[in-house]
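Only the coordinates and a few stated rules stand behind these numbers; no lab work does. Note that the structure is predicted; figures quoted are calculated from it, not measured. Methodologically, a virtual Cβ is constructed for each residue, glycine included, from the backbone with ideal geometry; neighbour enumeration extends over all protein chains shown.
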Amino acid sequence: MTFGEQPAYLRVAGDLRKKIVDGSLPPHTRLPSQARIREEYGVSDTVALEARKVLMAEGLVEGRSGSGTYVRERPVPRRVARSGYRPDSGATPFRQEQADFAVRGTWESHSRQVEAGGAIAERLAIQPGDRVMCTNYVYRDGGEAMMLSTSWEPLAVTGRTPVMLPEEGPLGGMGVVERMAAIDVIVDNVTEEVGARPGLAEELLALGGVPGHVVVVIQRTFYASGRPVETADVVVPADRYRIAYHLPVK
C-alpha cells in the first residue's frame with residue numbers, strides 16, 4: 001500500500017459516510033446489506049463487514065435485531081458553556097458545570113470516602129492511599145442526562161469540617177469556591193484540560209449512548225495558593241454537545 005492510500009474498508013466506509021452526511025441515506029434508512037456493498041464496491045465480504053463496523057463505531061448507524069442496520073437520527077448538538085468565572089455566591093454544582101444562565105437543570109449526587117489512587121493522588125498533590133471524598137454527579141437538562149462528573153477532595157483539607165460532604169451541611173449544594181471559602185481556603189485558580197475518548201460502558205448507559213460513542217472529558221482542578229483542593233472529571237457525550245468557553249480578556 002503506497003503512502004496516502006486507504007484500506008478498502010475505509011474507502012467504502014468513507015463513501016457510505018458521505019451519503020449519510022449529505023442525506024442520500026437519510027435517518028432511519030436501512031444501510032445497504034453486506035451482499036449489496038460487496039457487489040456495488042467490488043470488495044470481499046470481510047471488507048464490507050469491516051466498513052459497516054466503522055460506521056457503527058462512529059455512531060452513524062445502529063443494528064436492529066432481526067431487521068438489519070439503519071442510519072441513526074443525528075442529534076443537533078447543543079452547547080455546554082464553560083467559563084473561568086465562578087460566581088461569588090449561589091454557585092450550585094449544575095451552575096458550576098454549565099455556565100450558561102439560560103439553562104436550567106438538576107443533578108443527582110452520591111459521596112463516599114475512598115483512598116486516592118495514583119492518578120488522583122498526583123492531581124491532588126497527595127500520597128496514594130490518602131483519604132479523599134469522592135462524589136459522583138449526574139446532571140440533567142429537561143430530564144435528559146447531559147453530563148457526568150466525578151470529583152475528589154482531599155480530606156486533609158475538608159475532613160472534620162462543615163463542608164466535608166459537598167451535598168450536605170450548611171453549604172451543601174454550593175460550588176467549590178464558596179464551600180472552600182467557608183473554611184478559609186481561598187480558591188484563586190482553576191485549570192481545565194479537554195480530551196476525548198470512547199465512553200466507558202457505565203458512562204454510556206447513564207448518558208443514553210451506544211457502545212463506541214465518543215465522550216468529551218474535561219479534567220478540572222481548583223487551586224488555593226498553588227495547592228490543589230478539588231479535582232474532577234466531567235464527561236459529556238460528544239455527539240450531542242459542544243463545549244463553549246467564555247474566557248475573560250485581561
### Message
Give me the one-decimal nm value for the distance between modelled label points at residue 76 and residue 189, 7 Å along each residue's Cα-to-Cβ direction.
### Response
4.1
### Message
Suppose we take every Cα in segment 145-250 and form the convex hull; what volume per residue is that in Å³?
### Response
125
### Query
Counting only residues 5 or more places away or on other chains, whose amide H sits under 5 Å from the amide H of residue 168 once H atoms are built in the peptide plane?
173
### Query
How far apart, in nm, are two points set 7 Å out from the Cα along the Cα-to-Cβ line at residue 83 and at residue 196?
2.6
### Task
Name the most mobile residue of 178, 153, 108, meaning the one with the largest mean-square fluctuation, in a Gaussian network model of the chain with Cα contacts below 10 Å.
108
### Message
Counting only helical runs of four or more DSSP H residues, what would the 222 nm mean residue ellipticity of the chain come to if each run contributes -39,500 (n - 2.57) and the total is spread over all its residues?
### Response
-7000 deg cm²/dmol
### Task
Output the peptides 69-80, 126-137 sorted from most to least packed, where packing is the average of other Cβ atoms within 10 Å over each peptide's residues.
126-137, 69-80
### Task
Between residue 10 and residue 243, take the C-beta separation as r, use R0 = 30 Å, and let me know the FRET efficiency to the nearest 0.05.
0.60
#### Entry: segment 78-245, relative contact order in percent, only Cα pairs under 8 angstrom and at least six apart counted
24
### Summary
DSSP beta bridges in the chain: the antiparallel percent, rounded to 5, is 90
#### Entry: Linear extension gain, residue 122 paired with residue 136, 0.36 nm per residue minus alpha-carbon span
3.1 nm
### Query
Mind listing the phi-derived Karplus ³J(HN,Hα) values for segment 173-190, rounded to whole Hz, using 6.51, -1.76 and 1.60 with θ = phi - 60°, and x for any glycine or proline?
x, 7, x, 4, 4, 5, 5, 5, 4, 5, 10, 6, 10, 9, 6, 10, 7, 9
### Query
Can you list residues whose amide H is under 5 Å from residue 43's amide H, if they're 5+ apart or on another chain and H is modeled 1.01 Å from N?
none
### Task
Report the net charge of residues surrounding residue 221, where surrounding means a beta-carbon distance below 10 angstrom and charges are Lys +1, Arg +1, Asp -1, Glu -1.
-1
### Query
Equivalent-ellipsoid semi-axes (√(5λ), Cα gyration tensor) for segment 8-71, whole Å, largest first?
16, 13, 11
### Query
Running Debye on segment 210-250 with equal point scatterers at the Cα sites and no solvent, what base-10 log of I(q)/I(0) appears at q = 0.14 Å⁻¹?
-0.50
### Query
Any number yet on Rg/Rh for the chain, C-alpha, Kirkwood?
1.09
